[in-house]
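Take a look at the structure below.
Nothing in this text is a laboratory measurement; each read-out follows from the coordinates by a stated rule. These numbers were taken from a predicted model, which means no experiment stands behind them. Cβ coordinates were reconstructed from backbone atoms using ideal geometry, including for glycine residues, and neighbour counts include every protein chain displayed.
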Amino acid sequence: MRSHLYLVFVFWLLVGAHCVAAEVQVAVTDSHGQPLRNALVIVQDLNHKDHELYRALTNDAGVATPHELPPGLYRAISTYPYSHWRSSVREFLVRDAAVKVALQMEAAEGLDDLPVSIGRLTVHVLDTNGRPAAGARVLVRDAEAHPSSEHWGTTNAEGTTTLDLSETPSTLVVVYHDQLYSFPTSAWDTERTLRLK
């Protein structure tokens, strides 16, 4: 009898967990908004140290097969290996509603020699009212989210955190009160104030 109740309990846990998942659809276009077929889409779970969840190729409409994901912070990457397309990266949040992630890939004109920056970046995060946003998670990364370029921090009571920089930083991502914000950055920035809107 106990084993039967245990199985019923596990079944309802699985059903309950499935119910809170939301469908995620990733679409890839070129810089003119035209769908890109056969682009490789990679989705990572940022709640668990960049654990890769799945890979899929886009169809004729430029859309990868939708997947259901539980609430959390994720990243979508579109790439076209051995081609003239630059990879595109976007972080996104999943809550209880369907999510559509749009990635735009630009044609690469050639291989650029990009400068390498090694230093530190102090980030001050202000909420929508202009007050310090304590406890915000902040990520800095390069344009293609290479693991060596990624550094995380959490703001203190004054809304401030300091991040190590490596590679060529291009993007700051802030997660605060179940909202995600993205800001451009560069190798030359040593201090930034970010106002969440």
log10 of Debye I(q)/I(0), alpha-carbon scatterers only, for the stretch 41-89 at 0.20 Å⁻¹
-0.73
For residue 26, list long-range residues whose amide hydrogen, built 1.01 Å from N in the peptide plane, is under 5 Å from its own amide hydrogen.
64, 101
Highest-first arrangement of 161-167, 191-197, where packing means the average Cβ count within 10 Å
161-167, 191-197
Can you give the FRET efficiency for residue 59 and residue 186, using 1/(1 + (r/R0)^6), R0 = 35 Å, r = Cβ-Cβ distance, to the nearest 0.05?
0.45
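Quote to one decimal, in nm, the extra length available between residue 134 and residue 104 on full extension: 0.36 nm per residue of separation minus the C-alpha distance between them. Working shown, then result.
Working: separation 30, 0.36 × 30 = 10.80 nm, distance 3.24 nm.
Result: 7.6 nm gained on full extension.
Once R0 is set to 25 Å, what does the formula 1/(1 + (r/R0)^6) return for the Cβ-Cβ distance between residue 178 and residue 52, expressed as a FRET efficiency to the nearest 0.05? Please list the in-between numbers first.
On the way: r = 24 Å, r/R0 = 0.95.
With a Förster radius of 25 Å, E is 0.55.
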Long-range tail of P(r) for the stretch 119-195 (Cα pairs > 15 Å, %):
47
What is the Cα coordinate range of the stretch 46-190 on the first, second and third principal axes, sorted by size from largest, in whole angstrom?
48, 42, 25
